[in-house]
1. Run A:Tyr550 past the list (1) closer than 12 Å to A:Ile519 by Cα; (2) part of a loop (DSSP other than H, G, I, E, B) and report the number of the one that doesn't hold.
2. Conditions first: (1) modelled with pLDDT of 95 or more; (2) in contact with a His (Cβ under 9 Å, 6 or more places away or on another chain). A:Val607 passes all but one, so which condition is the exception?
3. Would you check if B:Leu481 is at the interface with another protein chain (Cβ under 7 Å from one of its Cβ atoms) and aliphatic (A, V, I, L, M)?
4. Just the residues that are of a type in the set (S, T, N, Q) and over 19 Å from A:Asp398 (Cβ atoms), please, taken from the range A:169-215.
5. Of a type in the set (S, T, N, Q), touching a strand residue (DSSP E or B) at 6+ places or on another chain (Cβ under 7 Å) and surrounded by 15 or more Cβ atoms within 10 Å (Cβ to Cβ) - does that describe any residue in the range B:527-535?
6. Go through B:Leu656, B:Leu635, B:Leu629 for me and flag whichever is away from chain A (no Cβ under 14 Å), touching a helix residue (DSSP H, G or I) at 6+ places or on another chain (Cβ under 8 Å) and surrounded by fewer than 20 Cβ atoms within 10 Å (Cβ to Cβ).
7. Can you name the residue in the range B:716-753 that is more than 20 Å from the chain's Cα centre (by Cα) and among the small types (Gly, Ala, Ser) and is also surrounded by the fewest Cβ atoms within 10 Å (Cβ to Cβ) among such residues?
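The values are calculated or read from the model by the stated rules, or taken from the named source; none is laboratory data. Note that the structure is predicted; figures quoted are calculated from it, not measured. FYI the Cβ positions are ideal-geometry reconstructions off the backbone, even for glycines, and counts take in every protein chain you see.
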There are 2 protein chains.
Amino acid sequence: MIIKDIIKNNNLEELFANVKIGIEKEGQRVLENGEITKTDHPKIFGVRHEHPYIQTDFAESQVELITTPENNEKDVLRVLNAIHEVTLKNLPKDEYIWPLSIPAILPNEEDIRVAQFEKQFDIEYREYLVKKYGKYKQMVSGIHYNFQLDDMLMKKIAEITQEDIVKIKNDVYLKLARQFLRYQWLLIYLLGASPLAEDKYFTDGIKPTDFVRSLRTSRYGYVNEEDIKVSYSSLERYIKDITGYVENKQLIAEKEFYSSVRFRGADTIKKFPEQGIKYIEFRLFDLNPFAPFGILEKDIRFVHLFIKTLVWLEEEDKNTSESLGYEYSENVALSHPLEKVKYEEEGLWLLNQMKDMVGKVGLLESDIELIDEKIEELKNPELTIGARLLKEYQKENDMAKVGMKLAKVYKEDALREYYSLSAYSNMELSTQAVIEDAIKNGIKVTVIDENDQFIRLESEGRVEYVKNGNMTSKDSYISPLIMENKVVTKKVLAEKGFRVPKGYEVSTLEEALQKFNYIKNKPIVIKPKSTNFGLGITIFKKGTSSVENYSKAINFALKEDKDILIEEFIEGTEYRFFVIEGKTEAVLLRVPANVVGDGKHTIRELVEQKNSDSLRGDAKKTPLKKIELGEIEKLQLSEQGLNFDSILAVNEVAYLRENSNISTGGDSVDMTDEVHDSYKELAVRISDAMMAKVCGVDLIISNIKEEVSATNYGVIEANFNPMMMMHIYPHSGRSRRLSLNVLKMLFPEKNIK
Amino acid sequence: MIIKDIIKNNNLEELFANVKIGIEKEGQRVLENGEITKTDHPKIFGVRHEHPYIQTDFAESQVELITTPENNEKDVLRVLNAIHEVTLKNLPKDEYIWPLSIPAILPNEEDIRVAQFEKQFDIEYREYLVKKYGKYKQMVSGIHYNFQLDDMLMKKIAEITQEDIVKIKNDVYLKLARQFLRYQWLLIYLLGASPLAEDKYFTDGIKPTDFVRSLRTSRYGYVNEEDIKVSYSSLERYIKDITGYVENKQLIAEKEFYSSVRFRGADTIKKFPEQGIKYIEFRLFDLNPFAPFGILEKDIRFVHLFIKTLVWLEEEDKNTSESLGYEYSENVALSHPLEKVKYEEEGLWLLNQMKDMVGKVGLLESDIELIDEKIEELKNPELTIGARLLKEYQKENDMAKVGMKLAKVYKEDALREYYSLSAYSNMELSTQAVIEDAIKNGIKVTVIDENDQFIRLESEGRVEYVKNGNMTSKDSYISPLIMENKVVTKKVLAEKGFRVPKGYEVSTLEEALQKFNYIKNKPIVIKPKSTNFGLGITIFKKGTSSVENYSKAINFALKEDKDILIEEFIEGTEYRFFVIEGKTEAVLLRVPANVVGDGKHTIRELVEQKNSDSLRGDAKKTPLKKIELGEIEKLQLSEQGLNFDSILAVNEVAYLRENSNISTGGDSVDMTDEVHDSYKELAVRISDAMMAKVCGVDLIISNIKEEVSATNYGVIEANFNPMMMMHIYPHSGRSRRLSLNVLKMLFPEKNIK
């Protein structure tokens, strides 16, 4: 079976392109000085062995981040980025994630706590390992790279070769394992990054004489005792070897066999002959300290192409693969990072085979560039990660300093736009908040359509979809349809006895005059149907009996829109009530763009100061909008006898807008604890009348401290898919993390925090 | 208390304009010759006393149609029209509704069946009436007009006068009753239309000597015995009189007191002093044979203004109102229809008072015209309905003939556009179907927003809203959001293992060429993303290995749209599966616009023939579209070597379009019973995957007789709010009344038929 011929002759390039990649990344939590923390794994992440993303590895301090399997490098890195950021956001203030494989400062043995798993076996297993291998080697972190070819490809190959699909899978993955072992030296050369360790790391006193490329992947790393020899020549042999060691207790369990290659997809390797290997795990990789999440996207891609080339190529000599491979990799791992590699020629041949494969299956132009880059690194050792790290170390002569400098930058980067989840920063902020909270709470997230803000959540086998942050299966279809239609909304609310401003819609002065008899002397507001920042609005707070004034107001509004509204005027202030699942979780007051004087600065300066708040930006990627200094603002100020250069007295407020929209620089002020409970209950009843689970109710209230009556409020609107960010990150007042309420609604069985 | 001053001085005109009007209309079911039917009340309408719209009055043959209370004449008539039409559509083919108050042909007494009510008391009460008044008078039909002033008006008046609101209500309605009795003669003059009856109607042999305006409202009508005298001078007196008669058994129950005015809103009049009269029922009106539903919209309006004027005006002399009123009305009722009325002067005064009231409260210009029209009729008796009816009678000398001619026209009109409900013909056909089925099944319908196809359904206190025929509370919000997004739909379906055509979206030839390696030699279809009647589509059924042909096809598609799709081609025919509540209720094949030859007619003539089907029109107000004879059709024919003047051989089919859309003249063919059940189950599973209750699934199937397999179908689309009319009125095959399924889904507790 010559795979590349089968692929070429049967047009299977498309299937060969479909892979699944998943990354597991370990990392020690450390303090500012590089010492490993003694604190517990953050409680906020819940039961660790149930968490799909954030667990612990050997030590309590060793966070293990696990991505979902993704179809491409970009998505894998995105998930890794997100998990990483969520982890950093939820660490204690003085904790960081150590960016190298080997800690710079190893603790005293007695200070190392094995991970405090919930299951007794998990703890016992770790204690057994401690006894056998000591604690220090277990403190080492790395990256595991999971790789799966498309099952459909396997099926097609099976059809073509008239073989059983399980046999095909096992054959392909076995061959891949041998090939990987044979050529992994190249990856160690290019990506190795564990040049040194403290003396106490070398428990038996034997240590390399100089810096090396990768202590971790060498015999100084976490390896089995020398008498454990497992052959990959056939699946039968592989199983026989391992189970033999387990039976005579040289290994406590199958998983105690450490190798850079591990077959996955069954709870015991004995099942592979029947079920087939599902995917393969490569455990070779040192953390790249120059990558914020331990590995760069281009290196995930490079490894992907490397693996695929090994599937594509026929084996040179199946019998010598492993032994030759171990020899080469040990040699490369223990050579000096700046030394030329002995196997450059073989490396060049392999990289050119990769380029050939890329061309043959029609992959990307950028892949060729990436391989060329690695060819350069092969020729120039100083370009490798290991060499670059060594140079940094030699500048400082202090690995803790080198690592912590990077760790701090990575944490700062993650926390800078704290309202955002940078991996998903091109989605809406509210969706970012839901994704962040889902990851934190161990709910699996898949972005289904990025542009459409469509995500899929999964927990314990149950799937829920969310669009735009709070559109879910919990709301009935008719509910947003009712709210979308203002006529229907008003009718339904009026029918249920809520106070809705009564009114008329007209499009000519004549029509408006016909209504004059009905509304004269009553408090009314005349406004364009589509209100555009308060233009064209006239309010007769005490009504008017003058047809002339009335006509003027009508014409004024008609200048702004072809349809205008003559509505009952309800005195008071407008508040937004966010109702979810029968409870008002947040109440917000929106205040027009404004500055408060200090007796010293000009309005222009005060605006600049206010705009420097990181919450302010375009109000899309940020929760609030920068205040502009435009024509409308100028006009608004001039009506107060002010201009941009006026200096306001201490505590004097100047409004730069009449309208209170956040999108024109308005302030959002949380009022949840200020508003009388009766209004919160009213908002819930209105939401119920809309048959809504999630509803943004706009109420006009004359006095929020006073209990609601039949006449001291008015319902302005009921909104489906109400905004959440203005409540989560208000300009002032307490944050209301509504994204958590959305998750609580969707997964009531989970203990969402 | 001078009401008109209170209204004027306190700006209550708007509240005075708010009224509720409801109509009850009785009518005998008759056969083609005018004889009353002996059949049962149609079973399809279910339990009659529970039906909000369609019941029976005295006789089994006497249909009583009841409108909901509405805010204006237009809506009242619309509801009456709809109920009328639904009734006519569901009568046996040979039955009609007699359009006059008095049947032309009275049956033998023994052939008259009292209404077969479900409750024993209802039947017994009717049998008591028969004994006391005989059967004939009970065969008379009329219109009852229910009228209610705005409760808020009453409340305001109570506030202003510092009186109790119950007292205000009772005072206003008592006064209105007296005023009505005083001036009802004018309505009898204008609207009276029962000039004669067969001799046997007059059981004691005494009869008028000539034609009269209104036998029904005269002493020959259905009136109490002469010694029953009830005074309206005060509520106390009114109650005392009636309860007195009931106590000494001169009346069997309160409701045996027949008067043209009845107070409503409580189960016994004894409750009025405490609860207040809610509304008032005027029972005066003869059926207008010239109005398809017994009364014209303008007359409902006129009566409305008449009533309101009586509220507006002060009483001349409370003590003489009733006696004078009875005298006048009896006189007018029994006078000859062509005779000048004795009270013309008073009539003119009243009509001018009406005009005055209209002007003072700011009503419509058209009201003045309407009143002027009545002034003309007052001056010229021959313009009245009674006179016009008499003239028709005198032409034929056969009232059965006169009545049946009208009854037939009314039934034909109702049935002509049988797929439509004419009262709601400006709404979508599917919404019309739901309204029609709701009325038939006794579910109360309210149109909330006509333009938005938004209706409200109510049955036994439970409310459901429906938009666009099948968007309801039963579907979850996320379901249409998934279906709306084709990317998400495909992902969800593929994830669940359904066969979705795989493919790529590209926008340049270059991008397309990058994919060539992946798709060469595979069956593919290349098409513009927004398909426009099949333009720009290329299908490689067996794939292509020629980059040249592939590029040609790509460029061809790119001419039609900036984004194009390269999709796996699935061979077969596309069918629409309509799934509702876990069941495929209809399967439809759409065939491109076509004609079938007969060896004689040209294609142009065949198209004309086909277009004459009443189902064909604009495909908005009709279920199907007329086939056009335009450029595209010409082109399509020319590709088959045909033109509009070609004569096709017998059974030869010519297609005038390539695409099968109904909107371009395509035929809809019901295939529900033809398709293998496994596809229907497949469609249900797809609908479930979309989490939908209502879903239109488009499947490509190679052979509908064959059981579904993993490869013999493809899912093209899943649609929310799928069209219903093409299934309800297909071009050929059985109708599937999906609107009934919608009602069954919404009201599972009802026995929807």
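1. Among (1) closer than 12 Å to A:Ile519 by Cα; (2) part of a loop (DSSP other than H, G, I, E, B), A:Tyr550 violates only (2).
2. It is condition (2) that A:Val607 fails.
3. The answer is yes for B:Leu481.
4. Across the range A:169-215, the qualifying residues are A:Asn170, A:Gln179, A:Gln184, A:Thr203, A:Thr209, A:Ser214.
5. no
6. B:Leu629
7. Restricting to residues being more than 20 Å from the chain's Cα centre (by Cα) and among the small types (Gly, Ala, Ser), the top hit is B:Ser732.
Per-residue answers, yes or no, for (1) more than 36 Å from the chain's Cα centre (by Cα); (2) crowded, with 20+ Cβ neighbours inside 10 Å; (3) part of a helix (DSSP H, G or I); (4) of a type in the set (D, E, K, R):
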| position | (1), (2), (3), (4) |
| --- | --- |
| B:Leu196 | no, no, no, no |
| B:Gly205 | yes, no, no, no |
| B:Pro208 | yes, no, no, no |
| B:Arg216 | no, yes, no, yes |
| B:Glu236 | yes, no, yes, yes |
| B:Lys240 | yes, no, yes, yes |
